[in-house]
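As structure tokens, the structure follows; a few thoughts come after it.
The values are calculated or read from the model by the stated rules, or taken from the named source; none is laboratory data. Here the structure is a predicted model, which is why all the values come from computation and not from measurement. All Cβ positions, glycine included, derive from the backbone under ideal geometry; neighbour counts span all protein chains shown.
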């Protein structure tokens, strides 16, 4: 690596770290606080006032999200578990931590097809027939995919900001691996 490239890389890293350090300050100045969810399973989706924020954890480490001060509806969703719903109070400049273990549902019975998504941002939310199924990163690896019974499905992928990235009706057959790609 050349000296010039190293300097550029270090400068970019410095700017990134500065922005990261200012994030709590910006949330505090805006009158907001933070929500940290310790959920089992960690891949559960965190929804505040109906808006998807992202997964509860990343690599078994709880994630913290900036949230406006006040009372909010918190929902934890994971397709293999019962939905958890509660109200949380976020205080300006403080972190509110919620710990919750979700209760498992009965396992689906075969036959299955496998639905995969590719080319989307890591934490884009994936919905099948209007129900949250997880984030895109869970369904794009070589041995990953959402197991679904054969049938017709409406699939939607949305960014963390809430914009629709893909909306498609698909038919999944037994044993089929169907990959939906970002356009």
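Right, residue 66: within 22 Å of residue 161 (Cα to Cα) and modelled with pLDDT under 95 or not?
no
Hey, can you tell me all the residues within the range 155-164 that are loosely packed, with under 15 Cβ neighbours inside 10 Å, touching a strand residue (DSSP E or B) at 6+ places or on another chain (Cβ under 8 Å) and modelled with pLDDT of 95 or more?
164
Could you tell me whether any residue of the range 137-149 is under 14 Å from the mean Cα position of the chain (by Cα), exposed (fewer than 12 other Cβ atoms within 10 Å of the Cβ), not in a loop (DSSP other than H, G, I, E, B) and not assigned by TED's automatic domain parsing to the domain that holds residue 66?
Among the residues of the range 137-149, not one is under 14 Å from the mean Cα position of the chain (by Cα), exposed (fewer than 12 other Cβ atoms within 10 Å of the Cβ), not in a loop (DSSP other than H, G, I, E, B) and not assigned by TED's automatic domain parsing to the domain that holds residue 66, which makes the answer no.
I'd like to know if the range 122-132 contains one or more residues that are buried (at least 17 other Cβ atoms within 10 Å of the Cβ), outside the structural domain of residue 48 (by TED's automatic domain parsing), assigned to a loop (DSSP other than H, G, I, E, B) and within 15 Å of the chain's Cα centre (by Cα).
There is at least one residue in the range 122-132 that is buried (at least 17 other Cβ atoms within 10 Å of the Cβ), outside the structural domain of residue 48 (by TED's automatic domain parsing), assigned to a loop (DSSP other than H, G, I, E, B) and within 15 Å of the chain's Cα centre (by Cα).
Right, residue 109: outside any strand (DSSP E or B), at negative phi and exposed (fewer than 12 other Cβ atoms within 10 Å of the Cβ) or not?
In short, yes.
In the range 138-183, which residues are over 11 Å from residue 124 (Cα atoms) and without any contact (Cβ under 8 Å) to a residue 12 or more places away in the chain?
Hits for the range 138-183 are 141, 142, 143.
Conditions (1) at pLDDT below 95; (2) in contact with a helix residue (DSSP H, G or I) (Cβ under 6 Å, 6 or more places away or on another chain); (3) over 15 Å from residue 119 (Cβ atoms); (4) not in a strand (DSSP E or B), marked per residue:
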{"residue": "153", "(1), (2), (3), (4)": "no, no, yes, no"}
{"residue": "166", "(1), (2), (3), (4)": "no, no, no, no"}
{"residue": "170", "(1), (2), (3), (4)": "no, no, yes, no"}
{"residue": "178", "(1), (2), (3), (4)": "no, no, no, no"}
{"residue": "183", "(1), (2), (3), (4)": "yes, no, no, yes"}
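Report yes if residue 118 is in contact (Cβ under 8 Å) with a residue 60 or more places away in the chain and loosely packed, with under 14 Cβ neighbours inside 10 Å, otherwise no.
The answer is yes for residue 118.
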